[in-house]
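Below is one structure, written out as structure tokens; comments come after it.
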Amino acid sequence: MLNVVIASNQSLLEEIWEYIVDTYFSVDMPYLENFTVKSNALVSIRMIIIGITFGIIVAAISTVYTKRYIGDFVRKVIYEECFDKDSAKTLYDLGYLKSPGVRGSVKTGGTLSRWIRCVEEDEFLTEINKKREEFNELHKNDERPPKFKAPEFTRDCNTMHFYIPKDKTYAAEIKFDKRGANIGSAILVSLAALLLCMFACYIVPDAIKLVDNFITVVGR
């Protein structure tokens with residue numbers, strides 16, 4: 001019984017794969033009088049279109065996630081008036097200690113690093129710069145002075161204090177403005193991209209044939 005089920009599943013997968021190959025990797029090229037276009041070239045064009053579509057869908061989802069989910073954290077920092085080292089607060093104080101997305105973002109830096117500052121990291125970098133100057137001063141007369149090796153800052157999401165400099169709050173509000181960024185808009189953009197992708201994939205051979213016919217007419 002199990003062998004029958006496995007064989008049935010394999011057969012279904014084979015049919016799905018054959019459909020994908022026939023639909024997206026096989027192109028019936030019409031007869032062209034004035035130039036030659038290989039099927040491989042059309043397949044490449046089709047794959048580029050699919051890749052661009054995939055990128056648009058990922059960008060739409062990423063925008064909603066960044067502006068709404070991560071943006072809520074940025075707006076919370078501004079709302080709590082964390083504008084300098086003295087007013088900086090931890091994730092616990094801001095209510096985001098158990099938020100995996102925010103914890104991941106502040107731990108890796110990424111998009112937030114341009115807007116959110118960390119008190120502990122600022123102090124760490126200040127100390128490192130001081131040690132670098134002392135190191136360079138110590139070895140300034142060496143024929144081949146060694147390179148200063150700075151340790152990496154270890155981010156601890158449980159203890160770090162965050163703030164946004166006052167002069168960056170307006171730009172941060174614009175960057176993470178959530179108006180228009182919602183799941184509905186992401187779905188609409190994704191559907192529109194898929195429809196355009198399907199249309200473009202199927203119209204390419206006809207468009208090439210149209211160009212060929214135009215050349216034929218003009219050349220007469």
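The values are calculated or read from the model by the stated rules, or taken from the named source; none is laboratory data. Since we're looking at a predicted model, the values are computed, not measured. So basically every Cβ, Gly included, is an ideal-geometry build from the backbone, and we count neighbours across all protein chains shown. The accessibility values were calculated without ligands, DNA or RNA, using every heavy atom of the protein model including side chains. Shrake-Rupley method; radii C 1.70, N 1.55, O 1.52, S 1.80 Å.
Worth a mention:
- Reported count of residues in region 192-210, each being small (Gly, Ala, Ser) and touching a Lys or Arg at 6+ places or on another chain (Cβ under 9 Å), is 1.
- Matching residues, region 119-140, being open to solvent by 50 Å² or more (accessible area, probe 1.4 Å) and among the β-branched types (Val, Ile, Thr): Thr126
- Restricting region 192-208 to residues that are open to solvent by 50 Å² or more (accessible area, probe 1.4 Å) and more than 24 Å from the chain's Cα centre (by Cα) leaves a set whose member that is modelled with the highest pLDDT is Phe199.
- Restricting attention to region 167-189, the residues that are part of a helix (DSSP H, G or I) and either farther than 25 Å from Leu97 by Cβ or open to solvent by less than 50 Å² (accessible area, probe 1.4 Å) (or both) add up to 13.
- Of all the residues in region 86-118, those that are farther than 14 Å from Asn158 by Cβ and either buried (at least 20 other Cβ atoms within 10 Å of the Cβ) or in contact (Cβ under 8 Å) with a residue 60 or more places away in the chain (or both) number 7.
- Flag for Glu143 being more than 30 Å from Ile45 (Cα to Cα), open to solvent by 80 Å² or more (accessible area, probe 1.4 Å) and either of a type in the set (Phe, Trp, Tyr) or modelled with pLDDT under 85 (or both): yes
- Some residue of region 138-157 being in contact (Cβ under 8 Å) with a residue 60 or more places away in the chain and either under 17 Å from Ala88 (Cα atoms) or not small (Gly, Ala, Ser) (or both): yes
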